[in-house]
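Below is one structure; the comments refer to it alone.
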Amino acid sequence: MREIEVQKLTDNIRDMCIEAVHELSPDMLDVFQSACESEKSPLGKKILEQLQENLKIAKEDRIPICQDTGMAVVFLEVGQDVHFTGGNVENAVNEGVRRGYVEGYLRKSVVGDPIIRENTKDNTPAVVYYEIVPGDQVKITVAPKGFGSENMSRIFMLKPADGIDGVRQAILTAVKDAGPNACPPMVVGVGIGGTFEKCALLAKKALTRNAGERSSIPYVADLEREMLEKINKLGIGPGGLGGSTTALAVNINTYATHIAGLPVAVNICCHVNRHAVRVI
Ligand code: SF4
């Protein structure tokens, strides 16, 4: 059994919130660069170059990449041989988010109640997901999620007979309907299988996978490549102003499901696909 002070979660999450809103991970920079090189529309290319310049300024001058610094989504993969000490884990996570957003002067975008809508003024609470895994380490992923693209996300409860063609249609429908509202070029996270809520979580987690990394399941990896090509033929383009780069990546996660169903979730992220990862 390894003991970990919850203060360690707070300190790391504070720094990760600040880091994630100022600089994208190397995988995102790589797909940006490839898109700049392959974009066919001159205007689309110009927009991609401006977005790249924005990334550079954000990193160097410590200005958030976007004014929408997101709602903090935190994944904790906790080794089963870990014993947290010194307090409540969820409070420690939220304290990290609070300190990150307050001390980092990041926009506070969270309301405490979805109907009363009073800003909590410190961007808490975070949305926290826990997974128990083998080992004695904790993998922390902090993914501040912008809501221009979150609002464009969809769930489709397909019939088993809809099959993989139904999945293709669902993904294309979600992306077409999102159009410019999702701040393209997008990263498209897809969950296939599970239950209603499980497929949404699969899609959300898919967004945290490196943009250049394909699924380890051969047919899923093929589907990711095929859907990226099809989405980029829609012509929505960077900023929604036309072009051959509507998406930078399509990441798909799958899970077992019931004989009577085929749930599909499409969680769309804008080009500011933030995910900071640390293992403690
Ligand atoms: S969806 Fe993304 S790019 Fe658009 S405003 Fe929100 S964080 Fe910024």
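The values are calculated or read from the model by the stated rules, or taken from the named source; none is laboratory data. In this text the structure is predicted, and so the values were computed from the model without any measurement. Using ideal geometry, Cβ is built from the backbone for each residue, glycine included, and neighbour counts are taken over all protein chains shown.
Selection of segment 250-277 for residues being farther than 19 Å from Gly148 by Cα, more than 16 Å from the ligand (Cβ to nearest atom) and of a type in the set (Gly, Ala, Ser) yields Ala256, Ala260, Gly261.
Here is a yes/no grid of residues against (1) within 22 Å of Lys204 (Cβ to Cβ); (2) within 16 Å of the ligand (Cβ to nearest atom); (3) at pLDDT 95 or above:
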position: Val89; (1), (2), (3): yes, no, yes
position: Gly104; (1), (2), (3): no, yes, yes
position: Arg107; (1), (2), (3): yes, yes, yes
position: Arg117; (1), (2), (3): no, no, yes
position: Lys121; (1), (2), (3): no, no, yes
position: Val127; (1), (2), (3): yes, yes, yes
position: Pro134; (1), (2), (3): no, no, yes
position: Lys139; (1), (2), (3): yes, no, yes
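Is it fair to say Cys199 is over 21 Å from Ile65 (Cβ atoms) and either touching a residue at least 60 places away in the same chain (Cβ under 8 Å) or within 15 Å of the ligand (Cβ to nearest atom) (or both)? Here the answer is yes, as Cys199 does meet what is asked.
Leu172 meets each of the listed conditions (1) more than 18 Å from Glu226 (Cα to Cα); (2) part of a helix (DSSP H, G or I); (3) within 19 Å of the chain's Cα centre (by Cα); (4) not polar (S, T, N, Q) apart from (1).
Identification of helices (runs of 4 or more DSSP H) wholly contained in segment 1-85 with 3 or more residues that are assigned by TED's automatic domain parsing to the domain that holds Asn123 and either away from the ligand (no atom under 16 Å from the Cβ) or under 24 Å from Ala247 (Cβ atoms) (or both) yields 6-22. When we screen Ile132, Ile115, Ile63 for residues that are loosely packed, with under 15 Cβ neighbours inside 10 Å, over 26 Å from Ala182 (Cα atoms) and among the hydrophobic types (A, V, I, L, M, F, W, C), the only hit is Ile132.
Given the structure, is Ala161 crowded, with 20+ Cβ neighbours inside 10 Å and aliphatic (A, V, I, L, M)? No, not satisfied. In segment 164-181, the residues that are within 19 Å of Glu150 (Cβ to Cβ) form no Cβ pair under 9 Å with any partner that is modelled with pLDDT under 95 and hydrophobic (A, V, I, L, M, F, W, C), whether six or more places apart or across chains. Taking the listed residues Ala247, Ala203, the one that is touching a Gly at 6+ places or on another chain (Cβ under 7 Å) and crowded, with 17+ Cβ neighbours inside 10 Å is Ala203, with no other qualifying.
Considering only residues that are over 18 Å from the mean Cα position of the chain (by Cα), within 22 Å of Phe196 (Cα to Cα) and buried (at least 17 other Cβ atoms within 10 Å of the Cβ), which ones fall in segment 135-157?
If the condition is that a residue be over 18 Å from the mean Cα position of the chain (by Cα), within 22 Å of Phe196 (Cα to Cα) and buried (at least 17 other Cβ atoms within 10 Å of the Cβ), then Phe156 is the only one that fits.
When the test is whether a residue is on the phi < 0 side of the Ramachandran plot, modelled with pLDDT of 95 or more and assigned to a loop (DSSP other than H, G, I, E, B), Arg209 passes it. Scanning segment 86-109 for residues that are within 15 Å of Val127 (Cα to Cα) and in contact with a strand residue (DSSP E or B) (Cβ under 7 Å, 6 or more places away or on another chain) gives Glu90, Val93, Val97, Lys108, Ser109.
Pairs linking a residue in segment 112-137 that is under 22 Å from Asn91 (Cβ atoms) to a residue that is outside any loop (DSSP other than H, G, I, E, B) and hydroxyl-bearing (Ser, Thr, Tyr), with Cβ atoms under 7 Å and 6 or more positions apart or on different chains, are Asp122/Tyr101; Asn123/Tyr101.
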